Amino acid sequence: MNLVYKHKALWSVMKRECRRLVSRPLYLFCMVVAPLFCYVFFTTLMDSGLPQDMPVGIVDQDQTSMTRQLTRTLDAFQQSKVVARYASFDEARRAMQRNEIYGFYYIPEGTTAEAQAQRRPTVSFYTNNTLLIAGSLLFKDMKTMSELASGAVVQATLLAKGATEQQAMDYLQPIVIDTHPLNNPWLNYSVYLNNTFAPGVLMLLIFMVTVFSIGVEIKERTARQWLRMGNNSIWISLAGKLLPHTAIFFLMGIFYNIYLYGFLHYPCHSGIWPMLLATLCLVLASQGMGILMIGTLPTLRLGLSFASLWGVLSFSMCGLSFPLMGMHPTLQALANLFPLRHYFLIYVDQALNGYPMIYSWSNYVALLLFMLLPFLVAHRLKGALIYYKYVP
């Protein structure tokens with residue numbers, strides 16, 4: 001009979017929470033509209049994979065057929081597009097400072113004559129590394145073009161001296177480099193970023209909604225009613241409140257997995273099922289973390305501040321943009337306190353490398369520990385629901 005009462009109490013709390021979800025447009029926005037918008041926004045923003053046709057300038061003070069060929073070669077690169085030719089270094093520098101171009105290639109007068117006389121002429125290229133991606137890609141293009149031009153001059157000289165084409169190539173490139181980028185051979189920034197952006201945004205929203213849905217009960221003085229409906233059990237009350245959230249957020253997680261791996265065909269060598277399991281673990285771990293946040297700071301504004309801070313830091317601490325091994329040892333240890341870090345490692349092992357799931361057992365255990373965090377604050381949270389008086 002006691003089990004029947006608990007079941008009825010759980011069902012009553014779930015129905016109450018469903019009514020609250022449909023009564024506030026904020027829930028619909030944070031749980032459905034915002035995740036879908038972010039998925040579509042980020043994937044369409046980077047749909048080309050890499051930035052293309054970024055504007056660069058040329059300062060050609062030599063004006064020979066060879067330097068004009070250099071200009072055409074640079075313009076032929078996929079990431080670079082020569083949009084202007086400048087008469088002087090200062091003019092090009094001012095254009096780059098006005099953000100009209102991301103970099104420029106400087107060819108001084110006499111470059112062709114010095115190259116033909118084998119005097120090692122110097123050319124210069126300048127990139128705006130304030131914009132890291134644009135600066136890095138243009139630097140690579142300009143450096144590659146300079147090496148190709150240098151090799152072409154040396155090859156012509158060797159051929160003029162009687163060397164065969166094969167001998168010239170052996171001299172220019174004694175070791176042939178065969179490059180094979182693993183897991184993301186297209187060097188696609190969308191694959192690199194969105195596989196973590198999508199779950200990261202979802203995790204952040206779970207933090208915020210979990211903290212808000214509990215904190216607003218305290219603020220509006222409905223917490224005691226919520227507890228009574230849950231048979232005065234904090235566990236029944238929490239389960240009844242968060243199970244509808246879990247279902248909605250997991251559906252959003254299923255959507256981004258199907259969208260990324262089924263529709264956009266991002267690499268997923270292990271199949272989609274391990275990623276769906278990892279997504280479910282991330283949802284439950286994020287909810288456990290949200291309960292810890294509002295249980296530690298049972299004030300709506302402080303709890304939301306805690307959730308937003310921890311959620312935003314997750315993008316840096318997960319090791320996506322900056323490798324964890326390059327961080328300070330203290331930060332390397334703290335990174336384990338972010339659920340997104342463990343999801344990211346599961347994604348790398350499962351989707352990119354196609355390893356068996358047992359290979360990522362430690363990360364699954366870590367996500368399980370996040371799910372158990374409510375046990376640390378359940379007593380404190382129940383006291384706050386009963387006795388805490390909200391101060392605006």
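Observations
- Accessible surface, the range 7-93, averaged per residue in Å² (probe 1.4 Å): 56 Å²
- In the chain, the sites counted are GluC sites (Glu not before Pro) in DSSP loop states with at most 15 other Cβ atoms within 10 Å, and the longest stretch holding none of them, exclusive of the sites, is 221-392.
- 222 nm mean residue ellipticity, helices alone, for the chain (DSSP H n ≥ 4; -39,500 (n - 2.57); rounded to 500): -20500 deg cm²/dmol
- DSSP-defined antiparallel bridges as percent of all bridges, the chain, nearest 5: 30 percent
- When the charge dipole of the chain is built from unit charges on Cβ atoms (+1 for Lys and Arg, -1 for Asp and Glu) and taken about the Cα centre, the candidate among Val56, Leu280, Ser88 whose Cα reaches farthest toward its positive end is Leu280.
- For the chain, the longest site-free run once trypsin sites (Lys or Arg not before Pro) in DSSP loop states with at most 11 other Cβ atoms within 10 Å are removed: 222-388
- Cα gyration tensor shape for the range 240-392, rounded if a/c is under 1.5, else prolate or oblate: prolate
- For the range 316-392, the normalised intensity computed at q = 0.20 Å⁻¹ comes to -0.89 (log10 of I(q)/I(0), Debye sum over alpha carbons, equal scatterers, no solvent).
- Proximal lysines to Lys15, defined as alpha-carbon separation beneath 18 angstrom and excluding residues fewer than eight positions away on the same chain: Lys6, Lys241
- Protein heavy-atom surface of the range 1-150, 1.4 angstrom probe: 58% of the accessible area is carbon and sulfur, with nucleic acids and ligands not counted.
- Each of Phe42, Val22, Met66 was placed along the dipole of the range 1-72 (beta-carbon charges, centred on the mean Cα), and the one lying farthest toward the positive end is Val22.
- Take the range 286-392 with all the other protein chains still there, run a 1.4 Å probe, and you get 50 Å² of accessible area per residue.
- Share of carbon and sulfur in the accessible heavy-atom surface of the range 219-283 [1.4 Å probe, %]: 67 percent
- Inter-part distance where the range 206-226 and the range 328-392 are each reduced to a Cα centre, Å: 21 Å
- Remark: the Cα gyration tensor places the range 174-247 in the prolate category, a/c being 1.5 or greater and a/b exceeding b/c.
- Dipole magnitude of the chain about its Cα centre (Cβ charges: Lys, Arg +1; Asp, Glu -1), debye to nearest 20: 2620 debye
- The heavy atoms of Trp310 present about 50 square angstrom of accessible area, all protein chains included, probe 1.4 Å.
The values are calculated or read from the model by the stated rules, or taken from the named source; none is laboratory data. None of these values were measured; they are calculated from a predicted model. Virtual Cβ from ideal backbone geometry, glycine too; neighbours counted across all protein chains shown. Surface areas here come from the heavy atoms of the whole protein model, side chains and all, with no ligands, DNA or RNA. Shrake-Rupley method; radii C 1.70, N 1.55, O 1.52, S 1.80 Å.
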